[in-house]
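K.L.:
There's a structure below that I have some questions on.
The values are calculated or read from the model by the stated rules, or taken from the named source; none is laboratory data. Everything quoted here is computed from the prediction, not taken from an experiment. With ideal geometry, Cβ positions are generated from the backbone for all residues, glycine too; neighbour counts draw on all protein chains shown.
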Amino acid sequence: MTQTIVSRRVAAPRKIVQGVPMPSWPMRAFKGFVLLVFCAVVIVPFVGVISTSVAPNKQINESGGLVLLPRSVSFAAYESLFAGGVVTRALFVSIFVTVVGTLLSLTVSCLLAYALSRPGFVAGRLILLVVLFSMLFSPGIIPLYLTVKGVGLLDSIWALIVPTMVSAFNVVVLRAFFMNLPNEITESARIDGAGELKTFTYIVLPLSKAVLSVIGLFYAVAYWNAFFSALLYLNDSKLWPLQLVLRTYVINDAQLGSAELGTERLPPQASIQMAILVISIVPILLVYPFLQRHFAKGVLTGAVKG
Amino acid sequence: MLQRASKRPQQQLSLWRRLLRDRVLLLFALPGTALIIAFHYVPLLGNVIAFKDYQPFLGITGSDWSGWENFSVIFNGDPAFLRALKNTLILTSLQSIFVFPAPILLALLLNSLFSERIKRIAQSILYLPHFMSWVIVVALFQQMLGGSGLLNNYLRSHDLATLNIIGNSELFHVLLTSQIIWKDTGWATILFLAALSQIDSQLYEAASVDGATRMRQLWHVTLPGLRGIIILLFILRLGDSLTVGFEQIILQQQAVGRDVSEVLDTYVYNNGVLGGAWGIAAAVGLVKGIVGVILVLTANKVAHIFGEQGVYSR
């Protein structure tokens, strides 16, 4: 009994309501256990994949496929992937689409959101309706495919960028953020003779670094992960991004030989497959800490102001 | 000078002058609006091919009208269509029953933690799978539960019977559901946690002064505080109830066969883009889209009747 009271006192500065009894010890242990299981279920697959990609040949064969703790580390699988074959090319495609796509998306979305955030903008209501209404329905796979075909983007790398360049949701989030900027700042810029373009680039954008990085990362993750648009619009396997390579050689288990990899030294298939997986996971793991710092805020702004 | 003085009533300027005044902003809005129109609204018009006997070499305008003929698969109950509909309905009910409540429970668990640090660490771990593509999620599940995956290797090394999970058509719907739970439960807690932090702490104090146990507080304070967001998200879920995960399913369709894995979206893709039955596929897609919009509007109406805010208020 005293134990619970003491621990509550210690925890008092946090958001804890006085008078609410602490849960009993069995309950707390149970919760801890559930949480631990949840977290383990999320983490173990990643650990297994990363370990297997660097594990020695012999250990993989002994374990029958997946290794949780490698006995030694070798990067042979990665060397063969970066030797200039299918995977290297797919990696470049993915990087191009992600970098160029994100820059274009951010530029176009910010310009649109800024215009929509200006009070009294003549077409503001109309365009906002166009943006919002587009969230209510999806146009359907077939008409979308025919449109992309009609614009001549089929079997072009731009098919991975242009159709998904503007996300209505992100525009709404950006607009909400721009609207929250103090009006006096933009007003004073105008009095000093700055036009809309100057106000936007020198006043509004520097003040919006936080939201820009969140939305930019959202876009980047979406481009990096895009699988459907590549499947739908690209027949030419030379243009495949990493996700399609992943599907073909990991999920569907197609053989990756020296012809595909462009190298003679072939590590075991399992470690190659895991290495491809790791290559597609790692960029997200790298941006994840940044993403995490802001994303709750970003998501909530959109949800509240939407 | 054309100034945007806020004091001056808008009506005094003619439309033309206002357009001229806002020309830079119009230019700003142009590319984004054009893209949304081109890839959301123009394809919407493209749905007319549902009423046409579409031939790719003739184009949309060149193809002949065929009335409601393409819709006959729906109205006459073509077996392949019914199969897709059935799987879709099964999956959407599984998702409503198991996927929808999962983040609520997890959010309650996270919210009841006393240590902020543990909570934060757990959150960073649990949010992570949301950012993985479906290709990665499916591959990870294969590595864990597949024939030579971690689970079966463990069972084999302990001389136990192996479990056939991946590629087992009987378990396919369960597998799909658990993949969604693995990927998105953590992330979906964000909105619930935000709603939980909005609940007035005085309510808890008052409840405990009145002698309410933690269970009763959960029932009488916490859950009512979540009601709005739960209804809102459920409405959105309803609107999406005919969309059960295209990427996820198409990735695994080969392994289990179409009998259990064909859903409306894959039906449209397989028959239209792969099979060349453009008109029929578009007809099914169109009906699916319309039913979706009707579902959202109806659910929203129902929410209003029960005195909730819903997605939009008027």
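K.L.:
For the range B:152-167, what are the residues that are farther than 20 Å from A:Gln269 by Cβ and at the interface with chain A (Cβ under 10 Å from one of its Cβ atoms)?
P.N.:
B:Tyr154, B:Ser157
K.L.:
Under 30 Å from A:Leu205 (Cβ atoms) and without any contact (Cβ under 8 Å) to a residue 60 or more places away in the chain: which single residue out of A:Val130, A:Val100 fits that description?
P.N.:
A:Val130
K.L.:
Okay, next question. Quick check: anything in the range B:214-232 assigned to a loop (DSSP other than H, G, I, E, B), without any contact (Cβ under 8 Å) to a residue 24 or more places away in the chain and over 29 Å from B:Val174 (Cα atoms)?
P.N.:
no
K.L.:
Taking the range A:115-125 as the search range and keeping residues that are on the phi < 0 side of the Ramachandran plot, surrounded by fewer than 24 Cβ atoms within 10 Å (Cβ to Cβ) and in contact with a helix residue (DSSP H, G or I) (Cβ under 7 Å, 6 or more places away or on another chain), which one is farthest from the other protein chains (Cβ to nearest Cβ)?
P.N.:
In this case the residue turns out to be A:Ser117.
Each row is one residue, and each column tells you yes or no for (1) more than 8 Å from chain A (Cβ to nearest Cβ); (2) in contact with a Cys (Cβ under 6 Å, 6 or more places away or on another chain); (3) at pLDDT 90 or above; (4) closer than 25 Å to B:Leu233 by Cα.
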| position | (1), (2), (3), (4) |
| --- | --- |
| B:Leu264 | yes, no, yes, yes |
| B:Ala283 | yes, no, yes, no |
| B:Val293 | no, no, no, yes |
| B:Leu297 | yes, no, no, yes |
| B:Phe306 | yes, no, no, yes |
| B:Gln309 | yes, no, no, yes |
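K.L.:
Can you tell me which of B:Thr88, B:Thr162 is over 30 Å from A:Gly48 (Cα atoms) and either assigned to a helix (DSSP H, G or I) or at pLDDT below 90 (or both)?
P.N.:
B:Thr88
K.L.:
Out of all the residues in the range B:114-134, which are more than 7 Å from chain A (Cβ to nearest Cβ) and either farther than 30 Å from B:Ala255 by Cα or of a type in the set (Phe, Trp, Tyr) (or both)?
P.N.:
B:Ser115, B:Arg117, B:Ile118, B:Lys119, B:Arg120, B:Ile121, B:Gln123
K.L.:
Just one of (1) surrounded by fewer than 22 Cβ atoms within 10 Å (Cβ to Cβ); (2) assigned to a helix (DSSP H, G or I); (3) of a type outside the set (Ser, Thr, Tyr); (4) in the same structural domain as A:Ile127 (by TED's automatic domain parsing) trips up A:Ala83, so point out which.
P.N.:
(2)
K.L.:
Within the range A:215-247, track down each residue that is within 26 Å of A:Arg293 (Cβ to Cβ) and of a type in the set (Phe, Trp, Tyr).
P.N.:
Residues satisfying the conditions are A:Phe218, A:Tyr219, A:Tyr223, A:Trp224.
K.L.:
Go through the range B:242-259 residue by residue and tally those that are away from chain A (no Cβ under 13 Å), surrounded by fewer than 20 Cβ atoms within 10 Å (Cβ to Cβ) and either within 19 Å of the chain's Cα centre (by Cα) or assigned to a loop (DSSP other than H, G, I, E, B) (or both).
P.N.:
1
K.L.:
Let me ask you something else. Please tell me if A:Thr88 is within 30 Å of A:Val49 (Cβ to Cβ), assigned by TED's automatic domain parsing to the domain that holds A:Tyr219 and at pLDDT 90 or above.
P.N.:
Yes, satisfied.
K.L.:
If you don't mind, there's one more thing I want to ask. Among the helices (runs of 4 or more DSSP H) lying completely within the range A:133-233, list those that include at least 3 residues that are at pLDDT 90 or above and assigned by TED's automatic domain parsing to the domain that holds A:Thr98.
P.N.:
Those helices (runs of 4 or more DSSP H) span A:141-150, A:168-180, A:209-225, A:228-233.
K.L.:
Taking the range A:179-220 as the region of interest, how many residues are of a type outside the set (Val, Ile, Thr), in contact with a Cys (Cβ under 9 Å, 6 or more places away or on another chain) and buried (at least 22 other Cβ atoms within 10 Å of the Cβ)?
P.N.:
Number satisfying all stated conditions: 1.
K.L.:
Consider A:Ile50 against the criteria (1) at pLDDT 90 or above; (2) outside any helix (DSSP H, G or I): it satisfies all of them except one. Which criterion is unmet?
P.N.:
All conditions pass for A:Ile50, except number (2).
K.L.:
Filter the range B:135-151 down to the residues that are in a helix (DSSP H, G or I) and either under 27 Å from the mean Cα position of the chain (by Cα) or more than 8 Å from every other protein chain (Cβ to nearest Cβ) (or both) and list them by number.
P.N.:
Hits for the range B:135-151 are B:Val135, B:Ile136, B:Val137, B:Val138, B:Ala139, B:Leu140, B:Phe141, B:Gln142, B:Gln143, B:Met144, B:Leu145, B:Leu151.
K.L.:
Does the range B:41-80 hold any residues that are at positive phi and outside any loop (DSSP other than H, G, I, E, B), and which are they?
P.N.:
Residue satisfying the conditions is B:Gly59 alone.
K.L.:
Name the one entry in A:Val108, A:Val47, A:Val41, A:Val73 that is more than 30 Å from B:Thr33 (Cα to Cα) and facing another protein chain (nearest Cβ under 8 Å).
P.N.:
A:Val41
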